[in-house]
1. Go through Val195, Val89 for me and flag whichever is of a type outside the set (Lys, Arg), closer than 27 Å to Tyr50 by Cα and crowded, with 17+ Cβ neighbours inside 10 Å.
2. Among Gly91, Gly156, which is closer than 24 Å to Asp198 by Cα and not polar (S, T, N, Q)?
3. Only one of these is part of a strand (DSSP E or B), in contact with a strand residue (DSSP E or B) (Cβ under 8 Å, 6 or more places away or on another chain) and more than 15 Å from Phe185 (Cα to Cα): Tyr129, Tyr140, Tyr149. Name it.
4. Restricting to the stretch 129-149, count the residues that are open to solvent by 40 Å² or more (accessible area, probe 1.4 Å) and either β-branched (Val, Ile, Thr) or in contact with an Asp or Glu (Cβ under 9 Å, 6 or more places away or on another chain) (or both).
5. From Glu103, Glu178, which residue is among the acidic types (Asp, Glu), assigned to a loop (DSSP other than H, G, I, E, B) and farther than 30 Å from Gly67 by Cβ?
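The values are calculated or read from the model by the stated rules, or taken from the named source; none is laboratory data. Bear in mind that the values here come from a model prediction, so they are computed numbers and not experimental data. A quick note on method: Cβ atoms are made from the backbone with ideal geometry, for glycine too, and the neighbour counts reach across all protein chains shown. Just so you know, the surface numbers come from the protein's heavy atoms only, side chains and all, with ligands and any DNA or RNA stripped out. Shrake-Rupley method; radii C 1.70, N 1.55, O 1.52, S 1.80 Å.
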Amino acid sequence: MRKFQKITALILALLCLQVPAASATTVDVQEVDSMELYVEYMEFYNNQQYYKDLAKNEGYTIIINVGEEYADLENERIASEAIQIDELVSGKQARDGSIPTREWNVLNQGTKGFSGTATNSTCYTEYKYYGWTAYEVSIYNSSSRNTLYYRFYNTGDNATYSLSTGTSVIKYVPLNPETRFYLGFDAPGQVTGYVARDI
């Protein structure tokens with residue numbers, strides 16, 4: 001009888017040791033799979049290069065909680081990055097009905113900004129971007145009411161992404177330098193951002 005009790009106790013002890021290890025493994029996998037890093041605004045603002053490096057080198061998508069308090073500062077940050085900021089083009093206004101026809105060589109011409117409001121239809125960046133092997137894309141949902149839905153075109157990524165009100169995202173997009181890509185934003189939406197060469 002005592003031998004049976006000892007064996008039972010040993011089996012229970014071994015099972016107890018395995019459960020935490022399994023739980024820890026599950027948590028680690030969930031953290032790796034998400035690849036999204038949420039940051040408060042001033043933490044990001046004071047350590048911008050650190051977070052951009054995480055996005056570039058580790059593949060993280062950096063999601064920044066801007067809020068109303070730092071909206072002006074975020075607009076200034078985006079404006080300071082871009083050589084020029086262009087208005088988004090409504091799908092109804094685009095020459096062929098859906099996509100931009102102009103092109104911007106990010107390597108030679110520098111960082112290109114975009115800004116606009118999608119009221120009744122999907123809006124697109126005025127330019128297709130090309131010229132480098134990877135791009136830093138920053139998007140700010142400046143709406144106080146609506147979640148922003150956006151997509152990358154010609155990147156092989158068919159996903160629709162969402163961005164909560166008052167938040168920004170920094171994402172790195174690796175591509176062939178000859179590939180021309182652009183962005184689209186669903187209505188209703190209010191957005192500013194830029195496309196920069198991966199530095």
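1. Working: Val89 fails: closer than 27 Å to Tyr50 by Cα.
Answer to the selection: Val195.
2. On the way: Gly91 fails: closer than 24 Å to Asp198 by Cα.
The match here is Gly156.
3. Numbers: Tyr140 fails: more than 15 Å from Phe185 (Cα to Cα); Tyr149 fails: more than 15 Å from Phe185 (Cα to Cα).
Of Tyr129, Tyr140, Tyr149, the one residue that is part of a strand (DSSP E or B), in contact with a strand residue (DSSP E or B) (Cβ under 8 Å, 6 or more places away or on another chain) and more than 15 Å from Phe185 (Cα to Cα) is Tyr129.
4. Looking only at the stretch 129-149, we keep the residues that are open to solvent by 40 Å² or more (accessible area, probe 1.4 Å), and these are 130, 132-133, 144-147, 149.
Now narrow it down to the ones that are either β-branched (Val, Ile, Thr) or in contact with an Asp or Glu (Cβ under 9 Å, 6 or more places away or on another chain) (or both): 130, 132-133, 144, 147, 149.
Counting residues in the stretch 129-149 that are open to solvent by 40 Å² or more (accessible area, probe 1.4 Å) and either β-branched (Val, Ile, Thr) or in contact with an Asp or Glu (Cβ under 9 Å, 6 or more places away or on another chain) (or both) gives 6.
5. Values: Glu103 fails: assigned to a loop (DSSP other than H, G, I, E, B).
So the residue among Glu103, Glu178 that is among the acidic types (Asp, Glu), assigned to a loop (DSSP other than H, G, I, E, B) and farther than 30 Å from Gly67 by Cβ is Glu178.
Residue-wise test of (1) acidic (Asp, Glu); (2) over 17 Å from the mean Cα position of the chain (by Cα); (3) surrounded by 18 or more Cβ atoms within 10 Å (Cβ to Cβ); (4) farther than 25 Å from Asp198 by Cβ.
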position: Glu69; (1), (2), (3), (4): yes, yes, no, yes
position: Ser80; (1), (2), (3), (4): no, yes, no, no
position: Asn105; (1), (2), (3), (4): no, yes, no, no
position: Thr119; (1), (2), (3), (4): no, yes, no, yes
